[in-house]
2 protein chains.
Amino acid sequence: MGGVDDGTARENLLARAVRILEAFDADHPSLPVAAVARRADIPVPTTYRLVAELVDLGLLERGSDRRVRVGVRMWELASRSSETVSLRDAAIPFMDDLHAAVRQHTQLAVLEGDEVLYLERKSARGAEVVNITRTASRLPAFACSSGLVLLAAAPVDVQERVLASPLEKLTPYTVTDPAELRRQLAETRYRGFAAVRGWVHVQASGVAVPIHGPGDQVVAALSVIIPNEEGRVAPVVPALMATARGIGRALGATAGPTA
Amino acid sequence: MGGVDDGTARENLLARAVRILEAFDADHPSLPVAAVARRADIPVPTTYRLVAELVDLGLLERGSDRRVRVGVRMWELASRSSETVSLRDAAIPFMDDLHAAVRQHTQLAVLEGDEVLYLERKSARGAEVVNITRTASRLPAFACSSGLVLLAAAPVDVQERVLASPLEKLTPYTVTDPAELRRQLAETRYRGFAAVRGWVHVQASGVAVPIHGPGDQVVAALSVIIPNEEGRVAPVVPALMATARGIGRALGATAGPTA
């Protein structure tokens, strides 16, 4: 990279550091450095050097088995000031109550680009709660109830960008027709909730409502996943709406969503 | 930096990016770029360039007010694979139960260098739960009950490094004599818990127990903060121990701590 100018080299370096951090996920919580290089698509010697620097900074940690993993310093930097963590901390006690009442998976999500990022998924205490594959995962925004709620509140240019992008079915029931999705976004705004049946898993329905933050802007979506049986959606909507208002109040919303 | 070799420039860049992220904390969740430069001690033009790159990568976000804040991407990278998040997710439901039973602040902490890093602090639902100044904060390890528990289980070289460093009193009651601290570490190992009175706040006592993870290594400390009244420590110790065993089991410890 001798001929590359300083600015480009810099950009590459930070982008590469992020690609290294991205190499780790729930299925790969720790990796040998050679595997990091492969997954990040960075030459092995460069990866060794960058990993060593990231370990020095605490963003990665080296285990006794010579594998590396994401460091607690990453969590600290992400948690000390972020709105994501405030939102999650505010929402979790209310989600516990909702989960106790409806006894179904409950989820908290935000819009990140064209995708929904799940900040929290609640199940009963036990194996599933510990399973972090369910936290920090993503779904295409057009394809799930949380995404419809978040897109319905997003600026028109965001909606149109998403609807103009390639829309791939997750199941045979996922709606991918832009005109029909536009109609569903209008209906979501009008009704104050979104319900989709079999869009993500053929046997499950998602029901989502918006959470309002300060200034009454929509900051997140609260959803439950229920079986595809008749008459299951209607009873959870008021519980979702009540819980979303509680979370919004904890976040400093001046009023809840109005119908 | 024209004369600086590539390796050094690289190191500086990553370290500077981390210093920029460190500029944000609970009291400064969003900052104008000029304030970031001042807090990170980096020249303003360099800070503008680095902030722009970090925004492009999603590690920082720019608000409509031209202030920047830590991005949700930081949380995602920190959460998708980290042991910290698994530990926190496993512990929180048990901490809720403990908090409901003892009705005192309950805390989850790990050892980070010579300090205790609090992964979670629980209070009653309301203002305090949302207050993230309490999450991701640190205390010197020698000066609090969680630190004694974690140091008591740490390798001797870590203990001696901490005891050889300058030990500053947080209150007039903080013990800073290495010989007395060594005695307390031995007592903590023997009793299976640590209790300190007025070391962090003059009117409060901390009581902490270890949490064991896979392989029965101590991975964290669970603690409660109680008023400095006679007879308040004894009743919380069994509750702490029972809760710590539950968390350990959820983490995959094969047995709880044995007396």
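Let's see how each residue does on (1) crowded, with 21+ Cβ neighbours inside 10 Å; (2) of a type in the set (D, E, K, R); (3) assigned to a helix (DSSP H, G or I):
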| position | (1), (2), (3) |
| --- | --- |
| A:Glu168 | no, yes, no |
| A:Val224 | yes, no, no |
| A:Val237 | no, no, yes |
| A:Thr243 | yes, no, yes |
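Among residues belonging to region A:64-83 that are facing chain B (nearest Cβ under 10 Å) and either of a type in the set (Asp, Glu) or more than 20 Å from the chain's Cα centre (by Cα) (or both), point out the one that is farthest from A:Pro32 (Cα to Cα). Across region A:64-83, the extreme among qualifying residues is A:Glu83. Assessment of region A:36-51 against the conditions (surrounded by 19 or more Cβ atoms within 10 Å (Cβ to Cβ), within 12 Å of chain B (Cβ to nearest Cβ) and more than 25 Å from B:Glu22 (Cβ to Cβ)) yields no matching residue. Within region B:213-230, the only residue that satisfies the criterion of being at positive phi and not acidic (Asp, Glu) is B:Gly215. Scanning region A:108-131 turns up at least one residue that is of a type in the set (A, V, I, L, M, F, W, C), at pLDDT 90 or above, in contact with an Asp or Glu (Cβ under 8 Å, 6 or more places away or on another chain) and in the same structural domain as A:Pro93 (by TED's automatic domain parsing). When each of B:Val196, B:Val175, B:Val200, B:Val158 is tested for being β-branched (Val, Ile, Thr), assigned to a strand (DSSP E or B) and assigned by TED's automatic domain parsing to the domain that holds B:Ile225, the lone residue that passes is B:Val196. When restricted to residues that are touching a residue at least 40 places away in the same chain (Cβ under 8 Å) and not hydrophobic (A, V, I, L, M, F, W, C), region B:236-249 contains 2.
The values are calculated or read from the model by the stated rules, or taken from the named source; none is laboratory data. If you're wondering where the values come from, they're calculated on a predicted model, not measured in any experiment. Cβ sites come from the backbone with ideal geometry, for glycine too, and all protein chains shown count toward neighbours.
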